[in-house]
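Down below is the structure, laid out as structure tokens.
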Amino acid sequence: MSNIYKAIQQRILVLDGAMGTMLQRYNFSEADFRGERFKDYPSPLKGNNDLLSLTQPQAIADTHRKYFEAGADIVETNTFSGTTIAMADYNMQDLVYELNFESAKIAKQVAEEVTKQNPDKPRFVAGSIGPTNRTASLSPDVNRPEYRAVTFEDLRKAYKQQTEALLDGGVDMLLVETIFDTLNAKAALFAIDQVQEERGIKVPIMVSGTITDASGRTLSGQTVEAFLLSISHIPLLSVGFNCALGADQLQPYLQRLSNETEFFTSAHPNAGLPNAFGEYDQTAKQMQDLIEGYLKANIINIIGGCCGTTPEHIKLIAEVAAKYKPRQVVVGA
């Protein structure tokens, strides 16, 4: 696992792009989502992308492979909604361990295949741990501000199960991402810490928050600096931002983050902002030009793409990242 620390000091590492954007290209039907195993399942399953690791594993493996071929050093597992809390939408809480384990296994197998072809460039798998569809800090009911749809303990239990399954499946690191409520992230980090302690292991952890709009704050109201303070009690591989904003809007917040932290930094912005149809129009070349701004400013160690990005985007991002040196961090500081 220490390989990642070696690689990140040598070069800017490239993270993959959007899994969802790639899966949309398949145009999977309800029957495709169900496969043979779930053909009589009582709930509608279309849209449950994590389930495709069980019913369409080839599509998941092919997506990982395309990102590696485009130049990614790290791919994320297909587990963004892989908690009992998020899977309750599909009545699939009982499948959570299997979904995470199989997703990790698929990604790891592809990573090993690609590394074998070029051993000088090891490829890594990050276990994707999403924010869930509930928030521990805010009430979903405007008339009951004290109400919470989820507790810290609910989140801790859900994240612990996900963490165990991802590690059992063979991930190299864990990525707590798209954090809109830092309290949710703290539950995830607490759960990861418990698993590390129980197993006597140390796992590289990436943390990536989301600045939701031009106010420069997370949804639960934290500034860049407050977010950083809230999660810096745990030794992290990296801290960064993803989603919500395009590369140009994200740069000033990454600059502030880079100035304040001794961790490595990461970013995987969207391909611009969504249009009226919820689609992302920013071309790979446009995004490459914007990301070059991060590289010139020397504020980044890991760079990739979120919503709307494809292997075409990652290929051009990888090409430009190779021309720059990574932001310097004193390891062990």
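The values are calculated or read from the model by the stated rules, or taken from the named source; none is laboratory data. For clarity, every value in this text was computed on a predicted model and none was experimentally measured. A quick note on method: Cβ atoms are made from the backbone with ideal geometry, for glycine too, and the neighbour counts reach across all protein chains shown.
So how many residues does segment 7-35 have that are more than 21 Å from the chain's Cα centre (by Cα) and of a type in the set (Gly, Ala, Ser)?
3
With under 28 Å from Ala187 (Cα atoms) and touching a Gly at 6+ places or on another chain (Cβ under 6 Å) as the only criterion, which of His233, His268 stands out?
Result of the check over His233, His268: His268.
Here's the yes/no breakdown for (1) within 26 Å of Gly216 (Cβ to Cβ); (2) in contact (Cβ under 8 Å) with a residue 60 or more places away in the chain; (3) not hydroxyl-bearing (Ser, Thr, Tyr):
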{"residue": "Asn133", "(1), (2), (3)": "yes, no, yes"}
{"residue": "Ala136", "(1), (2), (3)": "yes, no, yes"}
{"residue": "Ser139", "(1), (2), (3)": "yes, no, no"}
{"residue": "Arg144", "(1), (2), (3)": "no, no, yes"}
{"residue": "Tyr147", "(1), (2), (3)": "no, no, no"}
{"residue": "Gly169", "(1), (2), (3)": "no, yes, yes"}
{"residue": "Thr178", "(1), (2), (3)": "yes, yes, no"}
{"residue": "Leu189", "(1), (2), (3)": "yes, no, yes"}
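Among the numbered criteria (1) under 21 Å from Ile4 (Cβ atoms); (2) surrounded by 22 or more Cβ atoms within 10 Å (Cβ to Cβ); (3) hydroxyl-bearing (Ser, Thr, Tyr), which one does Tyr324 miss?
That leaves (2) as the condition not met.
In this structure, does Ala107 turn out to be out of contact with any His (no Cβ under 6 Å at 6 or more places or on another chain) and on the phi < 0 side of the Ramachandran plot?
no
For Thr223, which of the numbered conditions (1) of a type in the set (Ser, Thr, Tyr); (2) farther than 28 Å from Asp172 by Cα; (3) touching an Asp or Glu at 6+ places or on another chain (Cβ under 9 Å) fails to hold?
(3)
In the list Asn242, Asn270, Asn184, which residue meets the criterion of being in contact (Cβ under 8 Å) with a residue 60 or more places away in the chain and under 19 Å from the mean Cα position of the chain (by Cα)?
Checking each option against the conditions leaves just Asn242.
Which of the residues spanning segment 112-127 are buried (at least 21 other Cβ atoms within 10 Å of the Cβ) and either within 17 Å of Gln56 (Cβ to Cβ) or without any contact (Cβ under 8 Å) to a residue 60 or more places away in the chain (or both)?
Scanning segment 112-127 gives Arg123, Val125, Gly127.
Residues in segment 9-26: is at least one under 30 Å from Asn298 (Cα atoms), surrounded by fewer than 15 Cβ atoms within 10 Å (Cβ to Cβ) and polar (S, T, N, Q)?
Yes, segment 9-26 has at least one match.
Out of Asn100, Asn3, which single residue is surrounded by fewer than 19 Cβ atoms within 10 Å (Cβ to Cβ), in contact (Cβ under 8 Å) with a residue 60 or more places away in the chain and closer than 15 Å to Val171 by Cα?
On the way: Asn100 fails: surrounded by fewer than 19 Cβ atoms within 10 Å (Cβ to Cβ).
From the options Asn100, Asn3, the qualifying one is Asn3.
Inside segment 185-229, can you point out the residues that are among the polar types (S, T, N, Q), modelled with pLDDT of 95 or more and farther than 17 Å from Ala267 by Cα?
Hits for segment 185-229 are Gln194, Gln196.
Does segment 87-95 contain any residue that is without any contact (Cβ under 8 Å) to a residue 12 or more places away in the chain, part of a helix (DSSP H, G or I) and touching a helix residue (DSSP H, G or I) at 6+ places or on another chain (Cβ under 8 Å)? Spell out the reasoning first.
Of the residues in segment 87-95, the ones without any contact (Cβ under 8 Å) to a residue 12 or more places away in the chain are 88, 93-94.
Checking the rest, the ones that are also part of a helix (DSSP H, G or I) come to 88, 93-94.
When the remaining residues are screened for being touching a helix residue (DSSP H, G or I) at 6+ places or on another chain (Cβ under 8 Å), the result is 93.
Within segment 87-95, one or more residues are without any contact (Cβ under 8 Å) to a residue 12 or more places away in the chain, part of a helix (DSSP H, G or I) and touching a helix residue (DSSP H, G or I) at 6+ places or on another chain (Cβ under 8 Å).
Among the residues of segment 54-66, is there at least one that is touching a residue at least 60 places away in the same chain (Cβ under 8 Å) and among the hydroxyl-bearing types (Ser, Thr, Tyr)?
No, because not a single residue in segment 54-66 is touching a residue at least 60 places away in the same chain (Cβ under 8 Å) and among the hydroxyl-bearing types (Ser, Thr, Tyr).
Considering only residues of segment 96-130 that are of a type in the set (A, V, I, L, M) and part of a strand (DSSP E or B), which is nearest to Tyr41 (Cα to Cα)?
Ile129
Look at segment 88-97 and say how many of its residues are among the hydrophobic types (A, V, I, L, M, F, W, C) and surrounded by fewer than 19 Cβ atoms within 10 Å (Cβ to Cβ).
Residues that pass the stated criteria total 1.
So, in segment 52-83, exactly how many residues are charged (D, E, K, R) and part of a helix (DSSP H, G or I)?
4
Restricting attention to segment 60-78, which residues are small (Gly, Ala, Ser) and crowded, with 20+ Cβ neighbours inside 10 Å?
Passing the criteria: Ala70, Ala72.
Return the residues of segment 135-169 that are in a loop (DSSP other than H, G, I, E, B), under 17 Å from Thr84 (Cα atoms) and touching a helix residue (DSSP H, G or I) at 6+ places or on another chain (Cβ under 6 Å); say none if nothing qualifies.
Answer for segment 135-169, where residues must be in a loop (DSSP other than H, G, I, E, B), under 17 Å from Thr84 (Cα atoms) and touching a helix residue (DSSP H, G or I) at 6+ places or on another chain (Cβ under 6 Å): just Ala136.
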